[in-house]
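For reference, the structure is listed below as C-alpha cells.
Every read-out reported here was derived from the displayed coordinates using simple, explicitly stated rules and does not represent laboratory data. Not measured: the values here are computed from a predicted model. Because the Cβ atoms are built from the backbone with ideal geometry, glycine has one as well, and the counts that use them run over all protein chains shown.
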Amino acid sequence: MDLITANRLQQLRKMNGYSQDVLAEKLGVSRQAVSKWERAESSPDTDNLIALASLYGMTLDDLLNTSQDAVKVKALPKKRDVKGKLKSILSKANDFGLYPRAALSMLKFPFAVVLPLVYVVLSLATKLWHPLWIMFLLIPIYYRTAIALKANSKKILLLLLPVPEAVVTLFLICGTVFSAWSYAWLLFLIIPVYYWIVLMMKNKSE
C-alpha cells in the first residue's frame, strides 16, 4: 500500500471518531493490523476494504480514490440518537460484517430449494423417508450461519451461530439412528455451557 492511501485510511478513521482499538474490534482484526495499514507496512484484504467502506458510509471506489482533495464522510449519529444509530446499522446490514462475501454467497445459494430435492432423491433411493426428514433441520442451521457471518464482532457471531438447532439435530440423529434416547439428552447441556462461555468472553472495546 502506498503512503497516500495509508494516510487516507488514518484520516477516515479519525474523522469518524474511532481509535485504532475500536476500529480493529469492529473489523475483527488486531490493533497492530490497523496500525500497519496506516503506516503503509501492509494492505487490508478485500473483505476488510469492503467492511471499511461500509463502516464509513462510502463506496469502495471512494475509499480508494486518493486523488480527492478532501475526504467526504457521512456524519456520525449522536450517541443520544439511538433510533438514528439503529437505522444506520440496519441500513448497512446487507453488506457489512466479519465475513460479508461468505454470507452473501451463502444467501444467494438456493439451499432451501436444493435440500428438499436432495431429500426426495435420497428417500426414493433408500426408502428411508424416516429418519431422512431430519435433513430439513439443516435449513435453519444454514441460514442462521449465513446471518451470523454478517455480525460485526466475533462475540456476536458466536452468539448468532445455530448451536441449539445443531444440538437438536444431533439429538434426533442419535435417537432415531442409534436408539440412544436415554443418553442423547445429555447433548442439551452443550447449549447453556456454550452460551455461558461466549458471554464470559470480553471484547477489547469493553
With 0.36 nm assigned to each residue of separation and the Cα-Cα distance removed, Ile139 to Leu159 gains 5.4 nm
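In what sequence, highest mean first, do 151-157, 196-202 appear when ranked by Cβ atoms within 10 angstrom? It would help to have the intermediate numbers written out before the result.
Values: 151-157: 18.1, 196-202: 10.4.
Final packing ranking: 151-157, 196-202.
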Would you give the gap between the C-alpha center of the stretch 170-187 and the C-alpha center of the stretch 96-140, rounded to a whole Å?
22 Å
Using the Karplus curve 6.51 cos²θ - 1.76 cosθ + 1.60 with θ = phi - 60°, what ³J(HN,Hα) values do you get for each residue of the stretch 114-125, in whole Hz, with x for Gly and Pro?
5, 4, x, 5, 5, 4, 5, 5, 5, 5, 5, 6
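Dipole of the stretch 101-200, Cα-centred, from +1 at each Lys and Arg C-beta and -1 at each Asp and Glu C-beta, to the nearest 20 debye? Before the final figure, lay out each step's value.
Values: 7 positive and 1 negative charges, 76 e Å.
Magnitude of the dipole: close to 360 debye.
Taking the Cβ-Cβ separation of Ala125 and Gln11 as r and a Förster radius of 45 Å, what is the calculated FRET efficiency to the nearest 0.05?
So the FRET efficiency works out to roughly 0.15.
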For Asn65, placing the label point 7 angstrom along Cα-to-beta-carbon and taking the stretch 1-26, residues whose amide nitrogen sits under 14 Å are none
Label-point gap, in nm, between Ser35 and Asp21 - each point 7 angstrom along Cα→Cβ:
1.3 nm
What GluC sites (Glu not before Pro) in the stretch 3-45 are in a loop by DSSP, with at most 15 other Cβ atoms within 10 Å of the Cβ?
Glu41
Integer Hz, Karplus 6.51/-1.76/1.60 couplings in order for the stretch 47-62, x for Gly and Pro:
4, 5, 5, 4, 5, 4, 4, 5, 5, 8, x, 9, 7, 5, 4, 5
For the stretch 6-16, take each phi angle, set θ = phi - 60°, evaluate the Karplus expression 6.51 cos²θ - 1.76 cosθ + 1.60, and give the result in whole Hz per residue in order, putting x for glycine and proline.
4, 5, 5, 5, 5, 5, 4, 4, 5, 5, 8
